[in-house]
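See structure below.
The values are calculated or read from the model by the stated rules, or taken from the named source; none is laboratory data. On a predicted model such as this, the values are computed, not experimentally measured, just so you know. Here the Cβ positions follow ideal geometry from the backbone for every residue, glycine too, while neighbour counts run over all protein chains shown. Remember, those area values only see protein heavy atoms, side chains included, never the ligands or the DNA or RNA. Shrake-Rupley method; radii C 1.70, N 1.55, O 1.52, S 1.80 Å.
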Amino acid sequence: NEERSARAAARYPDAHVVSDVARGWELMDLLVIATPNRSHAELALAAAERDLPVVIDKPLAATLDEAQEVVDAGGRVTVFQNRRWDGDFLTLRAILDEGRLGDVVRFESRFERFRQEIRDAWRESGDPRDGGGQLADLGAHLIDQAIVLFGPPRTVYAEVDSRRPGAETDDDTFIALDHDGGIRSHLHMGVLAPMAGPRFRLTGLRGGVAIDGLDPQEAQLKAGLLPGSVGFGKREPGRILISGSEEREMPLLPGRYEDFYAGVASWLSGGGEAPVDPADSLRVMKVIETARASSKEREVMPFSE
(Lines give C-alpha, C1' and ligand atoms only; values in the text may rest on other atoms or scores of the structure.)
Protein backbone atom coordinates (compact mmCIF):
# COMPACT_ATOMS: atom_id res chain seq x y z
CA ASN A 1 0.00 0.00 0.00
CA GLU A 2 1.83 3.07 -1.26
CA GLU A 3 0.00 5.51 1.03
CA ARG A 4 0.81 3.51 4.16
CA SER A 5 4.40 3.00 3.03
CA ALA A 6 4.81 6.75 2.61
CA ARG A 7 3.34 7.42 6.07
CA ALA A 8 5.63 4.83 7.65
CA ALA A 9 8.69 6.26 5.94
CA ALA A 10 7.77 9.77 7.07
CA ARG A 11 7.13 8.77 10.67
CA TYR A 12 10.15 6.44 10.95
CA PRO A 13 12.83 7.91 8.65
CA ASP A 14 15.50 5.45 9.86
CA ALA A 15 13.37 2.42 8.96
CA HIS A 16 13.66 0.36 5.79
CA VAL A 17 10.20 0.25 4.19
CA VAL A 18 9.88 -2.66 1.73
CA SER A 19 6.93 -3.82 -0.34
CA ASP A 20 7.42 -7.55 0.21
CA VAL A 21 8.81 -9.63 3.07
CA ALA A 22 11.19 -11.38 0.66
CA ARG A 23 13.03 -8.07 0.29
CA GLY A 24 13.50 -7.76 4.03
CA TRP A 25 14.75 -11.10 5.32
CA GLU A 26 18.37 -9.99 5.47
CA LEU A 27 17.43 -6.84 7.42
CA MET A 28 15.67 -8.59 10.31
CA ASP A 29 16.59 -9.79 13.76
CA LEU A 30 12.91 -10.45 14.55
CA LEU A 31 9.81 -10.83 12.39
CA VAL A 32 6.57 -9.38 13.79
CA ILE A 33 3.60 -10.78 11.85
CA ALA A 34 0.69 -8.32 11.99
CA THR A 35 -0.83 -9.40 8.67
CA PRO A 36 -4.31 -10.90 8.10
CA ASN A 37 -4.75 -14.34 9.65
CA ARG A 38 -4.54 -16.10 6.27
CA SER A 39 -0.77 -15.47 6.02
CA HIS A 40 0.29 -16.08 9.64
CA ALA A 41 1.37 -19.69 9.17
CA GLU A 42 3.04 -19.13 5.80
CA LEU A 43 5.22 -16.30 7.13
CA ALA A 44 6.00 -18.03 10.43
CA LEU A 45 7.13 -21.21 8.64
CA ALA A 46 9.31 -19.17 6.27
CA ALA A 47 10.93 -17.52 9.29
CA ALA A 48 11.48 -20.91 10.96
CA GLU A 49 13.39 -22.07 7.87
CA ARG A 50 15.73 -19.10 8.38
CA ASP A 51 15.99 -19.59 12.17
CA LEU A 52 14.45 -16.13 12.58
CA PRO A 53 12.48 -15.51 15.79
CA VAL A 54 8.85 -14.52 15.32
CA VAL A 55 6.11 -12.60 17.11
CA ILE A 56 2.72 -13.58 15.64
CA ASP A 57 -0.42 -11.57 16.27
CA LYS A 58 -3.23 -13.67 17.70
CA PRO A 59 -4.67 -16.02 16.62
CA LEU A 60 -1.64 -18.16 15.99
CA ALA A 61 -3.00 -19.13 12.56
CA ALA A 62 -6.22 -19.16 10.57
CA THR A 63 -6.88 -22.85 11.29
CA LEU A 64 -5.97 -25.34 14.00
CA ASP A 65 -4.03 -27.50 11.51
CA GLU A 66 -1.91 -24.52 10.46
CA ALA A 67 -1.31 -23.55 14.08
CA GLN A 68 -0.15 -27.09 14.87
CA GLU A 69 2.19 -26.97 11.87
CA VAL A 70 3.76 -23.74 13.13
CA VAL A 71 4.36 -25.18 16.60
CA ASP A 72 5.67 -28.48 15.22
CA ALA A 73 8.18 -26.62 13.02
CA GLY A 74 10.17 -25.90 16.17
CA GLY A 75 11.05 -22.30 15.38
CA ARG A 76 11.44 -19.53 17.94
CA VAL A 77 7.86 -18.30 18.21
CA THR A 78 5.81 -16.20 20.61
CA VAL A 79 2.30 -14.81 20.21
CA PHE A 80 1.10 -11.25 20.79
CA GLN A 81 -1.60 -12.04 23.35
CA ASN A 82 -1.41 -8.39 24.39
CA ARG A 83 -4.59 -8.44 26.47
CA ARG A 84 -2.63 -10.21 29.21
CA TRP A 85 -1.13 -6.76 29.80
CA ASP A 86 -4.40 -4.82 29.93
CA GLY A 87 -4.60 -2.84 33.17
CA ASP A 88 -7.98 -4.29 34.17
CA PHE A 89 -6.70 -7.84 33.66
CA LEU A 90 -3.50 -7.12 35.62
CA THR A 91 -5.73 -5.81 38.42
CA LEU A 92 -7.87 -8.95 38.42
CA ARG A 93 -4.76 -11.13 38.67
CA ALA A 94 -3.52 -9.11 41.64
CA ILE A 95 -6.88 -9.42 43.42
CA LEU A 96 -6.96 -13.17 42.84
CA ASP A 97 -3.41 -13.53 44.16
CA GLU A 98 -4.45 -11.68 47.34
CA GLY A 99 -7.42 -14.01 47.87
CA ARG A 100 -9.75 -11.20 48.94
CA LEU A 101 -12.78 -12.66 47.15
CA GLY A 102 -12.60 -16.10 48.70
CA ASP A 103 -13.25 -19.10 46.48
CA VAL A 104 -14.09 -17.90 42.96
CA VAL A 105 -17.18 -19.44 41.37
CA ARG A 106 -17.75 -17.42 38.19
CA PHE A 107 -15.75 -15.28 35.76
CA GLU A 108 -17.58 -13.15 33.19
CA SER A 109 -15.69 -11.45 30.38
CA ARG A 110 -17.00 -9.41 27.46
CA PHE A 111 -15.80 -7.75 24.29
CA GLU A 112 -19.07 -6.31 23.01
CA ARG A 113 -19.58 -3.65 20.36
CA PHE A 114 -22.49 -2.40 18.28
CA ARG A 115 -21.89 -2.37 14.53
CA GLN A 116 -24.87 -3.06 12.31
CA GLU A 117 -23.13 -2.74 8.95
CA ILE A 118 -21.06 -5.55 7.43
CA ARG A 119 -17.64 -4.31 6.41
CA ASP A 120 -15.83 -5.26 3.24
CA ALA A 121 -12.90 -6.76 5.16
CA TRP A 122 -11.26 -10.14 5.65
CA ARG A 123 -12.54 -10.37 9.25
CA GLU A 124 -16.08 -10.50 7.82
CA SER A 125 -15.16 -13.14 5.21
CA GLY A 126 -16.76 -16.56 5.36
CA ASP A 127 -13.73 -18.21 3.72
CA PRO A 128 -12.18 -20.49 6.41
CA ARG A 129 -8.72 -19.62 5.07
CA ASP A 130 -9.24 -16.04 6.26
CA GLY A 131 -9.91 -17.05 9.85
CA GLY A 132 -12.53 -14.35 10.26
CA GLY A 133 -15.33 -13.90 12.77
CA GLN A 134 -15.62 -12.80 16.38
CA LEU A 135 -14.72 -16.18 17.85
CA ALA A 136 -11.29 -16.19 16.19
CA ASP A 137 -10.74 -12.47 16.74
CA LEU A 138 -12.03 -11.36 20.13
CA GLY A 139 -12.45 -14.92 21.34
CA ALA A 140 -8.72 -15.55 21.08
CA HIS A 141 -8.23 -12.86 23.75
CA LEU A 142 -11.07 -13.86 26.06
CA ILE A 143 -10.27 -17.57 26.02
CA ASP A 144 -6.57 -16.91 26.63
CA GLN A 145 -7.34 -14.68 29.62
CA ALA A 146 -9.71 -17.25 31.15
CA ILE A 147 -7.10 -20.00 30.82
CA VAL A 148 -4.36 -17.78 32.29
CA LEU A 149 -6.57 -17.20 35.35
CA PHE A 150 -8.10 -20.64 35.87
CA GLY A 151 -6.35 -23.19 33.66
CA PRO A 152 -7.62 -25.19 30.68
CA PRO A 153 -11.32 -26.05 30.63
CA ARG A 154 -12.75 -29.49 31.25
CA THR A 155 -15.78 -28.80 29.05
CA VAL A 156 -16.83 -26.24 26.45
CA TYR A 157 -20.31 -25.05 25.52
CA ALA A 158 -20.79 -22.40 22.82
CA GLU A 159 -23.39 -20.50 20.81
CA VAL A 160 -21.68 -19.24 17.65
CA ASP A 161 -24.20 -17.28 15.60
CA SER A 162 -24.42 -15.01 12.55
CA ARG A 163 -27.25 -12.57 13.24
CA ARG A 164 -26.90 -9.65 10.80
CA PRO A 165 -28.54 -10.19 7.39
CA GLY A 166 -25.84 -11.17 4.91
CA ALA A 167 -23.23 -11.96 7.57
CA GLU A 168 -20.85 -14.72 6.42
CA THR A 169 -19.21 -15.36 9.78
CA ASP A 170 -20.09 -15.23 13.46
CA ASP A 171 -21.00 -11.85 14.93
CA ASP A 172 -22.76 -12.89 18.17
CA THR A 173 -20.95 -15.55 20.19
CA PHE A 174 -21.07 -16.93 23.74
CA ILE A 175 -18.76 -19.54 25.30
CA ALA A 176 -19.01 -21.27 28.68
CA LEU A 177 -15.89 -22.98 30.05
CA ASP A 178 -15.96 -25.30 33.05
CA HIS A 179 -12.58 -25.31 34.85
CA ASP A 180 -11.20 -27.49 37.61
CA GLY A 181 -12.60 -26.64 41.01
CA GLY A 182 -16.04 -25.79 39.63
CA ILE A 183 -15.08 -22.33 38.35
CA ARG A 184 -17.07 -21.30 35.29
CA SER A 185 -16.05 -18.72 32.70
CA HIS A 186 -18.79 -17.05 30.66
CA LEU A 187 -17.32 -15.25 27.66
CA HIS A 188 -19.31 -12.92 25.39
CA MET A 189 -18.00 -11.51 22.10
CA GLY A 190 -19.80 -9.79 19.26
CA VAL A 191 -20.85 -6.66 17.44
CA LEU A 192 -24.55 -6.66 18.35
CA ALA A 193 -24.52 -5.21 21.85
CA PRO A 194 -25.99 -1.68 21.98
CA MET A 195 -26.00 -2.04 25.79
CA ALA A 196 -22.76 -3.79 26.65
CA GLY A 197 -22.27 -5.46 30.01
CA PRO A 198 -19.21 -4.98 32.24
CA ARG A 199 -15.86 -5.83 30.69
CA PHE A 200 -15.13 -8.12 33.64
CA ARG A 201 -17.18 -9.46 36.52
CA LEU A 202 -15.58 -11.83 39.00
CA THR A 203 -17.70 -13.52 41.68
CA GLY A 204 -16.31 -15.13 44.81
CA LEU A 205 -17.89 -16.48 47.98
CA ARG A 206 -16.69 -13.42 49.96
CA GLY A 207 -17.15 -10.68 47.38
CA GLY A 208 -16.82 -9.63 43.78
CA VAL A 209 -15.29 -7.24 41.29
CA ALA A 210 -16.83 -5.45 38.29
CA ILE A 211 -14.87 -3.42 35.76
CA ASP A 212 -16.59 -1.43 33.02
CA GLY A 213 -15.20 -0.13 29.73
CA LEU A 214 -12.10 -1.08 27.76
CA ASP A 215 -8.42 -0.80 28.48
CA PRO A 216 -7.29 2.48 26.84
CA GLN A 217 -3.93 1.44 25.39
CA GLU A 218 -5.11 0.51 21.88
CA ALA A 219 -7.01 3.80 21.48
CA GLN A 220 -4.08 5.75 22.93
CA LEU A 221 -1.63 4.16 20.50
CA LYS A 222 -3.91 4.94 17.56
CA ALA A 223 -4.03 8.55 18.76
CA GLY A 224 -0.23 8.73 18.79
CA LEU A 225 0.40 8.38 22.53
CA LEU A 226 3.36 6.12 23.28
CA PRO A 227 4.33 4.00 26.30
CA GLY A 228 6.13 6.21 28.79
CA SER A 229 3.93 9.20 27.95
CA VAL A 230 2.03 10.85 30.82
CA GLY A 231 -1.24 8.99 31.35
CA PHE A 232 -0.47 6.08 29.03
CA GLY A 233 -2.35 2.96 30.11
CA LYS A 234 -4.26 4.69 32.91
CA ARG A 235 -8.04 4.76 33.23
CA GLU A 236 -11.03 5.18 35.56
CA PRO A 237 -11.45 2.99 38.66
CA GLY A 238 -13.42 -0.24 38.78
CA ARG A 239 -16.00 -1.39 41.34
CA ILE A 240 -15.26 -3.87 44.11
CA LEU A 241 -17.56 -5.45 46.68
CA ILE A 242 -15.81 -7.27 49.50
CA SER A 243 -17.64 -9.48 52.02
CA GLY A 244 -20.93 -8.58 50.37
CA SER A 245 -21.33 -5.43 52.46
CA GLU A 246 -20.00 -2.29 50.84
CA GLU A 247 -19.42 -1.38 47.21
CA ARG A 248 -16.56 1.02 46.59
CA GLU A 249 -14.27 2.19 43.83
CA MET A 250 -11.03 0.38 43.23
CA PRO A 251 -7.96 1.85 41.49
CA LEU A 252 -6.89 -0.09 38.41
CA LEU A 253 -3.30 -0.89 37.59
CA PRO A 254 -2.10 0.85 34.41
CA GLY A 255 -1.88 -1.27 31.28
CA ARG A 256 1.63 -2.22 30.17
CA TYR A 257 1.84 -3.53 26.61
CA GLU A 258 5.50 -2.52 26.64
CA ASP A 259 6.17 -5.36 29.10
CA PHE A 260 5.45 -7.86 26.31
CA TYR A 261 8.27 -6.48 24.20
CA ALA A 262 10.56 -6.21 27.24
CA GLY A 263 9.94 -9.95 27.54
CA VAL A 264 10.73 -10.40 23.85
CA ALA A 265 14.04 -8.57 24.31
CA SER A 266 14.95 -10.79 27.26
CA TRP A 267 13.92 -13.89 25.31
CA LEU A 268 16.06 -12.94 22.31
CA SER A 269 19.10 -12.20 24.47
CA GLY A 270 18.86 -15.66 26.03
CA GLY A 271 17.88 -14.38 29.45
CA GLY A 272 14.27 -15.49 29.65
CA GLU A 273 11.38 -17.53 28.32
CA ALA A 274 9.13 -16.37 25.50
CA PRO A 275 6.59 -13.92 26.96
CA VAL A 276 3.77 -16.10 25.59
CA ASP A 277 4.36 -19.81 25.05
CA PRO A 278 3.03 -20.76 21.58
CA ALA A 279 1.60 -23.89 23.18
CA ASP A 280 -0.77 -21.58 25.11
CA SER A 281 -2.07 -20.10 21.87
CA LEU A 282 -2.36 -23.55 20.30
CA ARG A 283 -4.55 -24.51 23.26
CA VAL A 284 -6.71 -21.44 22.57
CA MET A 285 -7.10 -22.59 18.96
CA LYS A 286 -8.24 -26.01 20.21
CA VAL A 287 -10.84 -24.39 22.46
CA ILE A 288 -12.07 -22.35 19.46
CA GLU A 289 -12.47 -25.51 17.38
CA THR A 290 -14.25 -27.28 20.26
CA ALA A 291 -16.56 -24.26 20.61
CA ARG A 292 -17.49 -24.49 16.93
CA ALA A 293 -18.29 -28.18 17.33
CA SER A 294 -20.34 -27.47 20.45
CA SER A 295 -22.37 -24.80 18.69
CA LYS A 296 -23.01 -27.03 15.70
CA GLU A 297 -24.21 -29.93 17.84
CA ARG A 298 -25.80 -27.76 20.56
CA GLU A 299 -24.01 -29.88 23.15
CA VAL A 300 -21.51 -29.48 25.97
CA MET A 301 -18.24 -30.87 24.64
CA PRO A 302 -15.39 -32.39 26.65
CA PHE A 303 -12.08 -30.61 26.10
CA SER A 304 -8.87 -32.55 25.68
CA GLU A 305 -5.43 -31.59 24.44
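At a Cα cut-off below 28 Å, give the lysines reachable from Lys234, other chains included and same-chain residues fewer than 8 away excluded.
Lys58, Lys222
Near Lys296, which lysines are there with a Cα under 16 Å away, not counting those fewer than 8 places off in the same chain?
Lys286
Rank Glu108, Glu273, Glu26 by accessible area, highest first, at a 1.4 Å probe radius?
Glu273, Glu26, Glu108
With a cut-off of 8 Å between alpha carbons and a minimum separation of six or more residues, what is the relative contact order of the chain in percent?
20
Where Lys and Arg each count +1 and Asp and Glu each count -1, what net charge lies around Asp144 among other residues with Cβ under 9 Å from its Cβ?
+3
GluC sites (Glu not before Pro), restricted to region 168-271: which are DSSP loop and have at most 15 other Cβ atoms within 10 Å?
Taking region 168-271 and a limit of 15 other Cβ atoms within 10 Å, the loop GluC sites (Glu not before Pro) found are Glu168.
Using a Gaussian network for the chain with springs between C-alpha atoms less than 10 Å apart, which of these wobbles most: Gly74, Gly139, Gly233?
Gly74
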